[in-house]
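What follows is one structure encoded as structure tokens, with my remarks underneath.
The values are calculated or read from the model by the stated rules, or taken from the named source; none is laboratory data. The shown structure was predicted, so the numbers you read here are calculated from the model rather than taken from an experiment. Ideal geometry is used to build each Cβ from the backbone, glycine not excepted, and the neighbour counts take in all protein chains shown. Please note that ligands, DNA and RNA were not included when accessible areas were found on the heavy atoms of the full protein model with its side chains. Shrake-Rupley method; radii C 1.70, N 1.55, O 1.52, S 1.80 Å.
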Amino acid sequence: QLQASGGGLVQAGGSLRLSCGASGKIFGANARGWYRQAPGKERELVAIILNNGIRNYENSVKGRFTISRDIAKNTIDLQMNNLKPEDTAVYFCYAKTSAGTVYWGQGTLVTVSS
């Protein structure tokens, strides 16, 4: 239902762009976004975009990451600039429907070397 892509290895200060496509039941979800989970840590919200276009970001990524959406293609992207080693994690896209059902993508690994 959710297909994420775009992870990889990058040096500190570099950029990556993640993309997440959705299909079927997830079309028109109330909220879509990205979480990440670093080794030994809990999954945390990175960025979210609501149906009304409002965006929220985790404090440590503000000014560096930008979440965007293409309504026609039913995709969301996460542009990540000025990446830091502490951004290293598996990134999961997610969607929440109006019924409250949450869907997760398969995760894509982002590794930032110092």
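Expressed as a whole percent, the accessible surface of the chain that belongs to carbon and sulfur atoms is 50, based on a 1.4 Å probe. Full extension of the segment from Asn56 to Ser5, taken as 0.36 nm per residue of separation minus the current Cα-Cα distance, would add 16.2 nm. Equivalent-ellipsoid semi-axes for region 1-40 (Cα gyration tensor, √(5λ), whole Å, largest first): 25, 12, 9. Once you have the Kirkwood Rh of region 31-85 from its Cα pairs, apply Stokes-Einstein at 37 °C and 0.692 mPa s and quote D in µm²/s. Rounded to a whole number, D works out at 274 µm²/s.
Here's how it looks for Val46: its modeled amide H is under 5 Å from those of Trp34, Tyr35, Arg36, which are all 5 or more places away or on a different chain. Spacing of the modelled spin labels on Thr101 and Lys84, each 7 Å from Cα toward Cβ, amounts to 3.8 nm. Calculated on the alpha-carbon coordinates, the convex hull of the chain measures out at 91 cubic angstrom per residue. Surface exposure of region 24-77, expressed per residue as accessible area with a 1.4 Å probe, stands at 58 Å². Each of Ala89, Gly63, Ala29 was placed along the dipole of the chain (beta-carbon charges, centred on the mean Cα), and the one lying farthest toward the positive end is Ala29. Peptides 34-41, 74-81 ranked from most to least packed, by the mean per-residue count of other Cβ atoms within 10 Å: 74-81, 34-41.
Dipole size of the chain about its Cα centre, with +1 on Lys/Arg Cβ and -1 on Asp/Glu Cβ: approximately 200 debye, rounded to the nearest 20.
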